[in-house]
Amino acid sequence: MDFFTQALNALKDSHNLRTLRDFKHCGVYIVENPKAKKLLNFASNDYLGLSTQSAAFLDSALMKENAFFSSSSSRLLSGGFEISHKLESLLETMFNKTCLLFNSGYHANIGLIESLSRIEGVFFLLDSFVHASIFDGIKLSRARFARFRHNDLAHLRELLQKNAGKYKECIIVTEALFSMDGDFAPLKELIALKKEFSNLKIYLDEAHSIGVYGDLGLGLAKSLGVENEVDFIMLAFGKAIGSVGACVLCEINAREFFINFTRSLIYSTALPPINIAFSYFVFSHLADFNAQRVHLQELSTFFKKNLSLLVEKHADAQENADFTPQNLVLGNSQILSLVLGSNERALKAYEILGKHGIFAPAIRYPTIPKNTARLRFSLTALMQQEHLEQALCALEEFFAHKH
Ligand SMILES: *Cc1c(COP(=O)(O)O)cnc(C)c1O
C-alpha cells in the first residue's frame, strides 16, 4: 500500500476523513447540486448575514474607486493602496490603537505569534482550546510555552507563579469567543492578573466575536470597555464581517516591529483592494446592525433552552452516564454545541439531521477532546425561530431512535 492510501485509510478507520464539497448558497440554505435537497446551513460564520450586503456595496463609489482584483505584490513592495491605510485609520479611531492589516486570520496569528517569539525572554501561556493558527505560530517559533486548561484561571495562575519570575515577558494567548465551545474568555479576570504579574501581556483573538458583540459590534474587549488593557487584539474579517482579511490592533512600536518581522505579511501578496474596500464598507456601517445582533442573541437563547430540554428528556439515550444538560449543551453565544460522545455517534446524528434537511457539522476528536464529539450549530441573524424548531425536530428523531 502506498503512503497516501495508508494515511487516508487510517483517517477513514477513525471516522476522520475530510472531503471537499461545493455548495450553492441561498440565504439560510445551501444546496450541493441541482438534484440534492436544500439544507438549512448551521455551518456558516456569516453571523449577521452581511454577505447579503454586497449589493449595496456594488453600487457604491467606494467599490468603483477600488475595483482592483489584485494588489500585485506584498505591501512591503508596491501592494499598499490608499484603501489599506483608510481601513487601518478607521479601526484605529474605533479602538484607539494602531492597526495593521493581514491577509487572513490564519496569516495574522501564525505570523504575529512567530514574530512575538523573537522577544528576548518571552514565555507564552495558551488556553488549550485556542485555534490551530495560534498553535502553528507556536510551532514555528523558538519560544517556550505552556498550555492552561480551557478558561481555567486557577491553572493559569499556577503556571504564572511557576514561570513569571523566570521570564522577562509572559504573553497570555486566548480567544474572546471560542469556536468549539461557544463560550467566552474570562477577559476581566485575565486583565486583573496583570496587577499580580507585572510582566504580563494579553493577546486576544476576536475572530468569532467581532461584529457580534457590543452595541457597536466591535467585539468582546471593546464591549467590556477593556480594549486599552489588551495588548494585541486580532480581528478576522471572514466571519461576521462577511469579508476576508484580518488585522492586529496594538501599540505603535509593536506595529512597526510586526511590519519588520512578520513573515506572513512580508512574503505574501497583499489582499486585493476590492476586498479591503468591502471590509471598510462593513466596518463603517457596523454600528447599524444592532437589530441583527439582538435577534441573533434571542435565537441563541431560544435554541439553548430547547436543546437543554431535549437532552434532559432523552437522558436515557446518553452514552456518558455522568452527563448533565450543562455539560452536553455547550455555548452561550451564536455558537452552540450538542455533545454526543464518540465520533461515530456524532456522525450518525449528522447523517440523520441531513436527511431532515439540516446541515450541522460533526466536530470530532482530535479537533476536540476525546469522547466529546459533537454537532456544532452556528446561528445567523438570517434565521428565524422556525428554522431552529426544524433542527430540534430532527434531533428529536435522532434521540427517539436511541442512537
Ligand atoms: C477562523 C479563525 C481564524 C482564521 O481566520 P481566517 O481569516 O479564516 O484565516 C483564526 N482564529 C480563530 C479563532 C478562528 O476561528
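This table checks each residue for (1) modelled with pLDDT under 95; (2) part of a loop (DSSP other than H, G, I, E, B); (3) out of contact with any strand residue (DSSP E or B) (no Cβ under 7 Å at 6 or more places or on another chain).
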| position | (1), (2), (3) |
| --- | --- |
| H208 | no, yes, no |
| D215 | yes, yes, yes |
| G225 | no, yes, yes |
| M234 | no, no, no |
| I241 | no, yes, yes |
| V248 | no, no, no |
| A277 | no, no, yes |
| F283 | no, no, yes |
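If you filter the stretch 190-206 down to residues that are within 12 Å of the ligand (Cβ to nearest atom) and either modelled with pLDDT under 95 or not hydroxyl-bearing (S, T, Y) (or both), you find that the one that is farthest from R149 (Cα to Cα) is E206. Taking every residue in the stretch 82-109 that is touching a residue at least 24 places away in the same chain (Cβ under 8 Å) and of a type outside the set (A, V, I, L, M, F, W, C) and pairing it with any residue that is assigned to a helix (DSSP H, G or I) and within 16 Å of the ligand (Cβ to nearest atom), at least 6 positions away or on another chain, the pairs with Cβ-Cβ distances below 7 Å are S84/I276; G105/S133; Y106/S133; H107/S264; N109/S133; N109/I134; N109/G137. Filtered by the rule that a residue be within 16 Å of the ligand (Cβ to nearest atom) and within 22 Å of G225 (Cβ to Cβ), the stretch 172-189 gives I172, V173, T174, E175, A176, L177, F178, D183, F184, A185, L187. Applying the set (1) closer than 25 Å to F178 by Cα; (2) part of a helix (DSSP H, G or I) to Q53 leaves exactly one unmet item: (1).
What number of residues in the stretch 149-164 are assigned to a loop (DSSP other than H, G, I, E, B) and farther than 12 Å from E196 by Cα? Steps first, answer last, please.
In the first step, residues of the stretch 149-164 are kept if they are assigned to a loop (DSSP other than H, G, I, E, B); the result is 149-152, 164.
Still in the list and also farther than 12 Å from E196 by Cα: 149-152.
The number of residues fulfilling the criteria is 4.
Of everything in the stretch 362-403, what is surrounded by fewer than 20 Cβ atoms within 10 Å (Cβ to Cβ), in a loop (DSSP other than H, G, I, E, B) and at pLDDT 95 or above? Give them in sequence order. The one that is surrounded by fewer than 20 Cβ atoms within 10 Å (Cβ to Cβ), in a loop (DSSP other than H, G, I, E, B) and at pLDDT 95 or above: Q384.
Screening H15 against (1) surrounded by 13 or more Cβ atoms within 10 Å (Cβ to Cβ); (2) touching a helix residue (DSSP H, G or I) at 6+ places or on another chain (Cβ under 7 Å); (3) at negative phi leaves a single unmet condition, (3). Scanning the stretch 241-261 for residues that are within 20 Å of the chain's Cα centre (by Cα) and away from the ligand (no atom under 16 Å from the Cβ) turns up at least one hit. Entry remark, the stretch 191-204: residues being more than 12 Å from D231 (Cα to Cα) and among the hydrophobic types (A, V, I, L, M, F, W, C) number 3 in total. Looking only at residues in the stretch 275-298 that are among the aliphatic types (A, V, I, L, M) and buried (at least 17 other Cβ atoms within 10 Å of the Cβ), the one that is farthest from A61 (Cα to Cα) is L296. Could you tell me whether any residue of the stretch 119-130 is of a type in the set (A, V, I, L, M) and assigned to a helix (DSSP H, G or I)? Among the residues of the stretch 119-130, not one is of a type in the set (A, V, I, L, M) and assigned to a helix (DSSP H, G or I), which makes the answer no.
Hey, can you tell me all the residues within the stretch 262-281 that are more than 16 Å from the ligand (Cβ to nearest atom) and hydroxyl-bearing (S, T, Y)? Scanning the stretch 262-281 gives Y267, Y280.
Among the residues making up the stretch 67-116, those that are small (G, A, S), surrounded by 20 or more Cβ atoms within 10 Å (Cβ to Cβ) and either closer than 19 Å to M234 by Cα or within 16 Å of the ligand (Cβ to nearest atom) (or both) are S84, G105, A108, G111, S115. Condition check for I138 on (1) within 16 Å of the ligand (Cβ to nearest atom); (2) more than 22 Å from I259 (Cα to Cα): one failure, at (2). In the stretch 117-131, of all residues being in contact (Cβ under 8 Å) with a residue 24 or more places away in the chain and either surrounded by fewer than 18 Cβ atoms within 10 Å (Cβ to Cβ) or among the aliphatic types (A, V, I, L, M) (or both), the one that is nearest to the ligand (Cβ to nearest atom) corresponds to V130.
Here D152 fulfils each of the conditions (1) within 11 Å of the ligand (Cβ to nearest atom); (2) surrounded by fewer than 18 Cβ atoms within 10 Å (Cβ to Cβ); (3) among the acidic types (D, E) apart from (1).
The values are calculated or read from the model by the stated rules, or taken from the named source; none is laboratory data. The shown structure was predicted, so the numbers you read here are calculated from the model rather than taken from an experiment. We place every Cβ from the backbone using ideal geometry, glycine too, and count neighbours over all the protein chains shown.
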